[in-house]
Each structure stands twice: as structure tokens, then as C-alpha cells.
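Heads up, the thing below is written out as C-alpha cells.
The values are calculated or read from the model by the stated rules, or taken from the named source; none is laboratory data. Note that the coordinates shown come from a computational prediction; the quantities given were computed from them, not determined experimentally. A quick note on method: Cβ atoms are made from the backbone with ideal geometry, for glycine too, and the neighbour counts reach across all protein chains shown. Areas reflect the complete protein model, heavy atoms only, side chains present, ligands, DNA and RNA absent. Shrake-Rupley method; radii C 1.70, N 1.55, O 1.52, S 1.80 Å.
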There are 2 protein chains.
Amino acid sequence: MPISTHAEHDHQKCVNHALTIAEHLCLKRGVQLTLIRHQVLALIWENHKAVKAYELLERLKPLKNAAKPATVYRALDFLIAQGLIHRIESLNAFIGCRCSEHQHEQLLLICKYCHEVEERTATNVMLALSDELKQASFVAHSKAIEIHGICRTCATPPKA
Amino acid sequence: MPISTHAEHDHQKCVNHALTIAEHLCLKRGVQLTLIRHQVLALIWENHKAVKAYELLERLKPLKNAAKPATVYRALDFLIAQGLIHRIESLNAFIGCRCSEHQHEQLLLICKYCHEVEERTATNVMLALSDELKQASFVAHSKAIEIHGICRTCATPPKA
DNA sequence: GCGCTGATGTTGTTTTATAAGATGATGAGG
DNA sequence: CCTCATCATCTTATAAAACAACATCAGCGC
């Protein structure tokens, strides 16, 4: 079931949920969700759009005057390693992960208009992919699939 | 059926085939496969590994003394637009396309050891993907899937 | 306190990609 | 033949994205 990505949803809930999960997960794993990391994660969750590293840097600076590229990249590295965010290769951008605890094979649908990213489990696709990889005798390390196009909302003409 | 990517195949055949196809295709489409574009395409086809833009630039310089970044990037843009090569987003690199004439939904298997890239049609995966996109009401523009891992050859211990 | 470890600060560099304006080649139409 | 348009290229800068290296600091166990 897709989530509602556009304006109408209670986004504060999204954010709170994501941050709470992140805190619990880090605690459980014995890794530090430090202030900077927490701030970066919160910034990423400000919306459901893919966000660039230098954009995050700009947004981080008011909170953290000394912020430099390395500051952001290190936080991003950590968040990725913990599965809390995804890196979108085809955009050099980042997006909060909705399922940090579960599997990590997802389908990312990236809208070229609103830039929102929908994350789907897409079980059937992943099954077919596993099968194909088996046939190819290829051992995959990660199976993120990034698809660019136009999302439901942007495709639908503004309601009459 | 996967192609043989490693050393044992007659690579000159690959190259000639790719260049011939490219020439015909450009002729048919009324676009110019100029000297520079042809040279860049040939360089990309020197092997089946993903190649970076600045690496191409270095290799192009002996042939074309004035070569600058823009020289290479323009040629790459053209080749991509004509479907003669693929851009591998997750590597910022490029690879020759084996099926310039046909469909453009492919599965790219990228080996982290030998860096060779195998291109597969993966019909079942693409069907499952189309289905999933339909469910999501998402209109995709391109459906390249990049999977990183270890290829058959690199996974197989050197023959006893 | 001391020393270990992980996190951060700081500086600089590398890698990847594009912008903008001048120049050159080719071909169609007058 | 000229001229204009178009496409390709050249040239110079610069932007954007990412990382390397090393210094410093904070917390913790001993």
C-alpha cells in the first residue's frame, strides 16, 4: 500500500515516527545517533523529496555554524550505514527510509515534477529479480531500483 | 542468453559489430556520427568495463589533442541520446549498449571485482515492474536497473 | 590521570559536470 | 555565389559533488 506523499498528510507524524524509530534502532544497536546526525536526519525528513548533500549543508548551517561538507557527508554515511536513509544514485540525493528495520530491497519511484519519492516493497519485482540473478549466477549486494517518471498526483490534472 | 564478457571471447568482433550498428543507426536516423563521437564510442567499446568520463578524456587526448571535458561530455550526451551507450548512474560511468536498436529496458549487472557489466533483457523482471508501476499509477520514463555484486566469473574460484 | 575509541573540526584537493560565448563546417534557398 | 541557419566544436571558467588527511575533543574504562 503506497503512502500518501503529497501535502494532505500529517507530516509531523511522519517525522516523529521516523525519528523515534531511528532513536530506538540506534540504541538497540549501540551506535550513537548524535546531535548532528539527528539534525541531518530531521532535515532529510522535512519532506518526502530527495535532498542533495549541499542543500542539507545549507539547511544545517543555521543550526550548526561550523558545518562543512565533511560534516554532512559523515552524517549521511552513518545514516546510510544504519539503513535510515537511502542514497538515490541517479540524483546524487538522499531520502528518508520508511522501513529501516525491515528488508532492504526497495523500489524507489522518483517523480520528475514534484521530486517526491515513493518507496515500495514490490515483492513480485524483487522475486523476479532474484530469479534472474540466479540464472545469471550473479551475487547481488544490494537491490535498490530507481525509476524516474511522473507520479500519480502530478499525472492527474488538477481536480475539476 | 548472457554474453561471454571475459577475456576468452573475440572482442574485435564485438567492437566491429557495435560500431557498424552505430553507423547504420545514425545514418538511418539522419544524425551525424562524427569522428569524435565515433572515437569515443570505440574507446568505450575497448572492453566491457564501465568507463569514466575523465578516463575517456585521457584516452581520447592522444587521438585528439585539444580534447577537453566538454568534448567528451558532448560526445557522451549524443551517444546516450542515440541509445548507443548507457550511463551507469551508480558509478558515474558509461558502457556500450548491446541492443541499441531494440527495447530500452535493461538490467545491468555490475561486478564489483572485475567491473564488467552484463546487460540482460530480464523480461520477467520488467513485466513485474510494469505491473507494479501500474498499481502505483506511476508513468516511468526509463527503466534501467543497476545491480551491484559479484559476477559468475569472479565468484568461481580459479579452475582447479 | 591515561589512553582508547568514536565523533567532529579543519583545510585542502579531487572528481564529475556544466555554462557561456566564439569559431567552424555544411547545406538549403535565394 | 552568397547568406543564413544549423549543428558541431573549441575555449575558458566555474560549479557541484565527494573525499582525504590530520588535528582535536568528549566519553569511558581502568
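Among the residues of region B:92-108, some residue qualifies, meaning at least one is at pLDDT 95 or above and surrounded by fewer than 20 Cβ atoms within 10 Å (Cβ to Cβ). Within region B:65-87, count every residue that is more than 11 Å from DNA strand D (Cβ to nearest atom) and open to solvent by less than 30 Å² (accessible area, probe 1.4 Å). Counting residues in region B:65-87 that are more than 11 Å from DNA strand D (Cβ to nearest atom) and open to solvent by less than 30 Å² (accessible area, probe 1.4 Å) gives 4. Between B:Ala50, B:Ala22, B:Ala81, B:Ala70, the distinction of being over 24 Å from A:Glu132 (Cα atoms) and touching a Leu at 6+ places or on another chain (Cβ under 9 Å) belongs to B:Ala22 only. Looking at region B:133-160, which of its residues are at the interface with another protein chain (Cβ under 7 Å from one of its Cβ atoms) and open to solvent by 20 Å² or more (accessible area, probe 1.4 Å)? Within region B:133-160, B:Ser137, B:Val139, B:Ala140, B:His141, B:Ser142, B:Lys143, B:His148, B:Ile150, B:Arg152, B:Ala155 qualify. Of the residues making up region B:120-130, those that are within 7 Å of chain A (Cβ to nearest Cβ) and without any contact (Cβ under 8 Å) to a residue 60 or more places away in the chain are B:Ala122, B:Asn124, B:Val125, B:Ala128, B:Leu129.
Counting only residues that are more than 9 Å from chain A (Cβ to nearest Cβ) and more than 14 Å from DNA strand D (Cβ to nearest atom), how many does region B:89-119 have? Looking only at that region, the number is 21.
Working only within region B:37-53, note down all residues that are within 16 Å of DNA strand C (Cβ to nearest atom), farther than 13 Å from B:Leu19 by Cα and either open to solvent by less than 50 Å² (accessible area, probe 1.4 Å) or within 14 Å of chain A (Cβ to nearest Cβ) (or both). Listed by number, the residues that qualify are B:Ala50, B:Val51, B:Ala53. On inspection, B:Leu56 does not qualify as in a loop (DSSP other than H, G, I, E, B), more than 13 Å from the chain's Cα centre (by Cα) and closer than 24 Å to B:His17 by Cα.
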